[in-house]
Amino acid sequence: MIQSIKKSIVMLLLVVAYTSCNQGPTLQTYFVENEPKPGFLSIDAPVDLLNIEEVELTKEQEEAYKSMDKINILAFRLDANNTQEYELELAKVNTILKNPNYEELMRGGNSTDGRFKVMFIGDVDNVDELIIFGNASDQGFVVARVLGDNMNAGKLMSLQSVLKDMNFDNTNLNGITDFFK
């Protein structure tokens, strides 16, 4: 009897350990699994790829920019031959982003031009990962992960006005804009 109780306890501990380590898919695993697949475009780059240094920044914007280290971008381009795959991949990303670890910071857009969400992992004053997810039903979707140290959500959001006015054709990111043309 004692032997079976010990076995039950060991099994319970193994199940708890396994389930606590396996919290479901993450964006990082989604990126790794899909970056080599046809139809996807993947970019892993340092933040200076944006050439944001050429823009005049406020002190808050400069602090936000300096807190970022790396950008991972994964895009899926929709065409007439991959509609079902697009729907499947879009559903996978949406499922991942429903995880309570991802907190929504803002959302916008519309059903005609496309929608976007800005989310993060961590807390507002110490963001571990900023996620920008956008999709347009006639073009595809893009997910960007911004990684860095001591990132602050409010300060990061102050960069949106700078990014909105940037001409990405003059940056090293024109590959992503070309991808959706």
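Details
- Under 5 Å from the amide H of D128 lie the amide H atoms of I121, G122, D123, each residue being 5 or more positions distant or on a separate chain, with H modelled from the backbone and absent for Pro and chain starts.
- Cβ-Cβ FRET estimate between N101 and K37, R0 fixed at 22 Å, reported to 0.05: 0.35
- Among the listed pairs K59/K155; K66/K155; K66/K98; K92/K117; K37/K92; K66/K117, those beyond 19 Å (Cα-Cα): K66/K98; K66/K117
- Coupling constants for segment 75-84 follow from the phi torsions by the Karplus curve (6.51 cos²θ - 1.76 cosθ + 1.60, θ = phi - 60°), and in residue order they are 10, 10, 8, 7, 9, 5, 9, 10, 4, 5 Hz; glycine and proline get x.
- FRET efficiency for N94 and E56, using Cβ-Cβ distance with R0 set to 30 Å, rounded to 0.05: 0.20
- For a paramagnetic label modelled on T26 (point 7 Å from Cα along Cα→Cβ), amide N atoms under 15 Å away belong, within segment 135-162, to 145-148.
- Fraction of accessible area attributable to carbon and sulfur, segment 59-127 (%, probe 1.4 Å): 46 percent
- In this structure, the amide hydrogen of N99, modeled 1.01 Å from its nitrogen in the peptide plane, lies closer than 5 angstrom to no residue at least 5 positions away or on a different chain.
The values are calculated or read from the model by the stated rules, or taken from the named source; none is laboratory data. Source: prediction; values computed, not measured. We place every Cβ from the backbone using ideal geometry, glycine too, and count neighbours over all the protein chains shown. Ligands, DNA and RNA are stripped out before the accessible areas are found, and what is left, the full protein with its side chains, is counted by its heavy atoms. Shrake-Rupley method; radii C 1.70, N 1.55, O 1.52, S 1.80 Å.
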